[in-house]
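One structure is given here, and the rest of the page talks about it.
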Amino acid sequence: MVIALAPFCVSAENHPVKSRVPVAATQLLENSCIDCHADESGEGGFDASALGSDLADPKTLATWQRVFDRVELGEMPPRDAEELEPSDRKRFLDATSQWITSTQLTEFAKLGRVRARRLTTLQLERTLHDLFSIDIPLASLAPEDPRVDGFTNIASAQAMSHFQIESHLNIVDAALDEAFDRALGEGTPFVKSLNAKQIARTNPKRRCREPEMLDGKAVVWASRLIFYGRIQTTTVPKDGWYRMTVTASAMNKPKDHGVWCTVRTGFCTSGAPLMSWVGAFEATDEPIERTFEAWIPKGQMFEIRPGDLTLKQGRFAGGQVGAGEGTPQNLAGVAFHQMEIEEIHPGGDRQSVRTHLLGNLKLNKQADSKTRKSKRLQLDKEVTETELREQLNRFAHRAFRRPVSKAELQPYAEILSQGLRNDGDPLEALRASYRAILCSARFMYLVEPTSTELVSSTSSRAPLDDFAIASRLSYFLTGSMPDAELFKLAQQKQLRDPEVLISQVDRLLDGKGQRQFVADFTSQWLDLVDINFTEPDPKLYPRFDSVVENAMLAETHRYIETLLNENASIDKLVRSDFTFVNSRLARFYGIDGIEGDAIRRVKLDKGSSRGGLLAQGSILKVTANGTTTSPVLRGVWVCDRVLGQPVPPPPESVPAIEPDIRGAKTIRDQLELHRNHTECASCHSKIDPPGFALESFDAAGQWRDHYAISGKGNRKGPKVDPSYHLADGRPFEGFNQFRELIANEQKMLARNFAEKLLVYGTGAPIAFADRDQVEQIVDSTSDDRYGMRSLLNEVVLSPIFLSK
């Protein structure tokens, strides 16, 4: 049978080259594949005879890459088929690799690897914050960005609909309103100090949900009663950021630990039941002082209460709590001594906002002619149109993240002039021109011109100019626009100097910068953004609560920060003798001897199963559904996020595995039947090893030896069997052995980490043509055992990162 592989031929307008499927590829398909994959009913759902040749078609390209990978890994032909001659296999791999790579590089040279990339909603919010020195939340005014393989900044997945344009306008207008109000307004920040009596309920005889006075302190007892612990005197007068400092102690605390309390905000009424997490602390016998910062909408208040659900929970009739009703129940509680609340502006003070918004334009006060009271500040009457244009140019330079020519500025200058000609308020005219700038493509998108000085006719990648490098680096590490130092270096054309570039990486990741980068990157790479998506069943997992959940998140963040700080070898990602816990998380994990509410580094006992990313509660929770675990879901996640072995979607003809809710059969028993499908076996050889190994952890992240049976109380279900073997046949008896096996695959782990950084940093998936350069990145760090900070640095220095 002759395979009808049409020649690869694309229009000169988009793809200036013509190419055909290599002869070596055609021969191998005809000689070794067509017998089993002759039509649409072929094994595994693969029809080799219909394999196209137009690599501009994403589906065709993906299929060819899949064919290449399976031949390279020795998965095809299968073991029970005739083995390929080594020379035939090499010819196929060399020819196919050269064909796909050259085709993609030709396209990159003409169009770039990354097409037009729009600021994500979070990047837009942070950019407007930095432009104006403001700090109000803006991302909630727009729809969530779609995620592709976990990431929200993939250019090819970004759309711009009428609804999104409207959302963008709403965000811009909200930012401008805040900036002009802050810059031109006056007033003193809200400050309030409360003693225990002011924290407690005003009427001690009234049954309600506010703290009660007891021995000179305001007390809240452990209970599941909703909104119990709300403090009405903390109601804020306007939207804003507030810093709350509370002094508290424990009441009737357990012998072996303090009373863990949650701090949340909300309206605390049945008509508005949603609450926002602020933080947690552990109250002890001695009063402690803790400070928290949060954005709080007008009319909301603080709720502080014991949040440890392992404590005995009080019962109160009628949904209200009377004074003296908690003491007889022998409950633990928290006692408030005093509290202070002050309005703050993390983005900058009022003068900073004025400088960012209006530069050096002179302002003065105007008094109302009738009341003689001061009005908002206004522009001085002596300010000229020339000065306004100069300020407009400065603003456009920062907003567009590069110098602006007169021609580029002209449309916005005309809006300014038109407003002035119509005898309008100069500030309104300036605001209108700002609004136009912030709605232009130059602001909304990451404009990435190439450096004309470095472009070569033989180059397969177009190098970015220095301003584009500044933006790419800044949005990669900070999620926002370049700062003044990056602008200066871009103007001096120094950002292609490796030493300068790495010094900027070090500067941007210094202190809180690295903490923010890790939080941003892991929220997408590790799906930690979904940490609240499910809630573990309290009947099955009674020791889990919101305090534990947020400690899990902090554990992963601090762990990755430490690996980067110490340039730890990549195997530490999955295997280590330490982790980060506080006393509550340590108790949940069964780690003894940990006191205090601060997350700190602890050395694990030899043989502990808690070392490494895969044993952390945040990962185990986001890969489960709150009730049960699935080796398939966890296995797919590990393959894609950690091992760099993404698993394709299952064929449509294969039914999904439904869990046995009666608990009669384990998922392992069901998978044994599922793997008998030829279409399933190849993928499950990768999925099942990590999936089975992680079955030793339940849906809440705790270690288990037996499955739980829903509705059966504390009865043990079937015994967990975490043993299996890797795809290459190497066996393991359980999670610890599995972890050791994959930790030794350092190059594989390093390759995946570098790829995830590149996707996040450039906004484009790893192309087939990128593979050689990814290997170069990885190989360049082999001398220090693939250090994680070294990998990040090499990613930034790579041609992939520094090219369009």
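Here, each number is a calculation from the coordinates, and none is a lab measurement. For clarity, every value in this text was computed on a predicted model and none was experimentally measured. Cβ atoms come from the backbone with ideal geometry, glycine included; neighbour counts cover every protein chain shown.
The distance separating the Cα centre of the range 556-571 from that of the range 287-351 comes to 34 Å.
Averaging the Cα positions of each part gives two centres, and for the range 496-551 and the range 133-158 these lie 16 Å apart. Under 5 Å from the amide H of Lys312 lie the amide H atoms of Ala332, each residue being 5 or more positions distant or on a separate chain, with H modelled from the backbone and absent for Pro and chain starts. Each principal axis of the Cα cloud of the range 731-786 was taken in turn, and the coordinate range along them, longest first, works out to 39, 24, 17 Å.
A crude spin-label estimate for the pair Gln410 and Thr291, with each label 7 Å from Cα along the Cβ direction, gives 5.3 nm. Stretched out straight at 0.36 nm per residue, the stretch from Asp779 to Lys110 would grow longer than its current Cα-Cα span by 238.0 nm.
For the range 388-427, the residues whose backbone nitrogen is under 18 Å from a point 7 Å from the Cα of Arg376, taken along Cα to Cβ, are 420, 424-427.
In this simple spin-label model, placing a label point 7 Å from the Cα along the Cα-to-Cβ direction at both Gln232 and Lys488 gives a separation of 5.5 nm. Ranked by the mean number of other Cβ atoms within 10 Å of their residues, highest first, the peptides 460-466, 345-351, 304-310 fall in the order 304-310, 460-466, 345-351. For the peptides 618-624, 783-789, the ranking by mean Cβ contacts within 10 Å, running from highest to lowest, is 618-624, 783-789. Placing +1 on the Cβ of every Lys and Arg and -1 on the Cβ of every Asp and Glu, with no other charges, gives the range 251-405 a dipole of roughly 960 debye about its Cα centre.
The alpha carbons of the chain give a radius of gyration and a Dmax of 30.3, 98 Å, in that order. Annotation: amide H-H contacts under 5 Å for Leu464 (H modelled 1.01 Å from N, sequence separation of 5 or more, or interchain): Ser451, Ser803, Lys804. Packing, taken as the mean count of other beta carbons within 10 Å per residue, orders the peptides 690-702, 327-339 from highest to lowest as 690-702, 327-339. For Gln338, the residues whose amide H sits under 5 Å from its own are Thr247, ignoring neighbours fewer than 5 places away on the same chain, with H placed 1.01 Å from N. Taking every Cα-Cα distance in the range 532-633 and sorting them into 5 Å bins from zero, the calculated P(r) comes out as 2, 12, 23, 24, 19, 14, 5, 1, 0 percent. Per-residue 3J(HN,Hα) values for the range 100-107, derived from phi via the Karplus relation 6.51 cos²θ - 1.76 cosθ + 1.60 with θ = phi - 60°, read 5, 5, 5, 5, 5, 5, 4, 5 Hz in sequence order (x marks Gly and Pro). Across the chain, the relative contact order, built from alpha-carbon pairs under 8 Å that are at least six residues apart, equals 12 percent. Modelled label positions at Ser609 and Leu93, each set 7 Å beyond Cα in the direction of Cβ, lie 3.7 nm from each other. A simple charge model with +1 on the Cβ of Lys and Arg, -1 on the Cβ of Asp and Glu and nothing else charged puts the dipole of the range 361-444 at about 440 debye relative to its Cα centre. Give the cross-link partners of Lys192 among the aspartates and glutamates, using a straight C-alpha distance below 14 Å as the criterion and excluding same-chain residues fewer than 8 apart. Straight-line reach from Lys192, under 14 Å: Glu340, Glu342, Glu343.
Evaluated with a Cβ-only charge set (Lys, Arg +1; Asp, Glu -1), the chain carries a dipole of roughly 3080 debye about its Cα centre, given to the nearest 20. Placing unit charges on the Cβ atoms of the charged side chains and taking the dipole of the chain about its Cα centre, the candidate lying farthest along the positive direction among Ser249, Ser583, Asn170 is Ser249.
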